[in-house]
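The values are calculated or read from the model by the stated rules, or taken from the named source; none is laboratory data. Bear in mind the structure is a predicted one, so any value in this text is a computation, not a measurement. For neighbour counting, all protein chains shown are included, and Cβ atoms are generated from backbone atoms with ideal geometry for every residue, glycine included. SASA here: full protein model, heavy atoms, side chains in, ligands and nucleic acids out. Shrake-Rupley method; radii C 1.70, N 1.55, O 1.52, S 1.80 Å.
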Amino acid sequence: MRIILLGPPGSGKGTQGNLIEQTYGFPKISTGDLLREAVQKETRLGKEAEEVMNSGELVKDELVIEIITERLARKDCQKGYVLDGFPRNMNQAHMLEGMKDQHSEVVLDIRLNEENLIQRLSSRRICSHCGTIYNLLVKAPGLPDTCDVCHAGLVHRDDDQPEVIKERLRVYEEETKPMVEYFQKKENYHKIEGDKDIESVFQNIQSVLRVELAKFNHSGAVQ
Ligand code: AP5
Ligand code: MG
């Protein structure tokens, strides 16, 4: 099964994607994480993407499609995967539709108001080593600035600065929202209220997935 997580910056795509991965075993593929890894490793692609990401704009489709095509071709994606942050515009949505990997598909659109998005992004911290996502207000680490899982240091993402957050939200409204409206018309689209605590949001997601997985198992379709 292919699970597509939609939602504005800070809505909880990464957090819920990790929980889906841990619970159902579908690998979470985040284009943001793949791009940040390329930036860190100073690859050709990373060098091209870095400035754009720090400004809050979208990276060119060709680069994102290159990076995601390579990732989805790996063996662990054969039985399904969770997409976090892809697709982000109509061009990318068409690319995904053109893929012939026969997965049944569920779209989960996490919604949250702007005030909460800004608050969550401003208080987010990420483990510099394993990528675990924290929040100083609701999911603080046991020791200050230290990852509970691997004990590496926590960082504040470069694009979580107030001016860049504002730009990312504008880009979402302008470039991603029209694509979300396109997905909304599909039968497999589900709106998820993101303003509850992490566990309650995940419970709602699990209720949707329970029904969708049963449907596809019953019809014998490829998961
Ligand atoms: P990307 O990394 O995808 O960032 P984003 O979409 O802006 O989303 P975020 O990762 O900021 O938020 P999230 O929804 O994952 O929330 P999280 O779970 O962390 O993209 C970054 C950049 O890469 C883009 O700007 C662009 O330049 C480029 N890029 C990526 N994909 C691209 C593409 N397809 N095309 C072109 N360019 C692309 O949660 C946020 C915080 O809230 C955390 O602190 C968390 O602990 C907390 N939290 C989560 N859930 C809850 C809850 N229920 N209650 C309270 N707190 C919560
Ligand atoms: Mg994320």
The answer for LYS28, listing residues at least 5 apart or on another chain whose modeled amide H is closer than 5 Å to its amide H, is VAL82
Whole-number D in µm²/s for the chain (Stokes-Einstein; Kirkwood sum over Cα pairs; 10 °C, 1.306 mPa s) = 88 µm²/s
Enter the accessible area per residue of the range 1-160 (Å², integer; probe 1.4 Å; all protein chains in place).
-> 49 Å²
Using modelled backbone amide H atoms (1.01 Å from N, in-plane), which distant-in-sequence or interchain residues come within less than 5 Å of ARG88's amide H?
-> ALA93
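In the range 28-142, carbon and sulfur make up what percent of the accessible area (probe 1.4 Å)?
49 percent
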Net charge near ILE192: determine it from the other residues with C-beta under 9 Å of the C-beta of ILE192, scoring Lys and Arg +1 and Asp and Glu -1.
-> 0
Listed residue (VAL149, CYS130, LEU63) projecting farthest to the positive dipole end of the range 58-179, Cβ model | VAL149
In the structure shown, do any of LYS186/LYS215; LYS13/LYS79; LYS79/LYS215; LYS75/LYS100; LYS79/LYS100 have a Cα-Cα gap over 18 Å, and if so which?
-> LYS13/LYS79
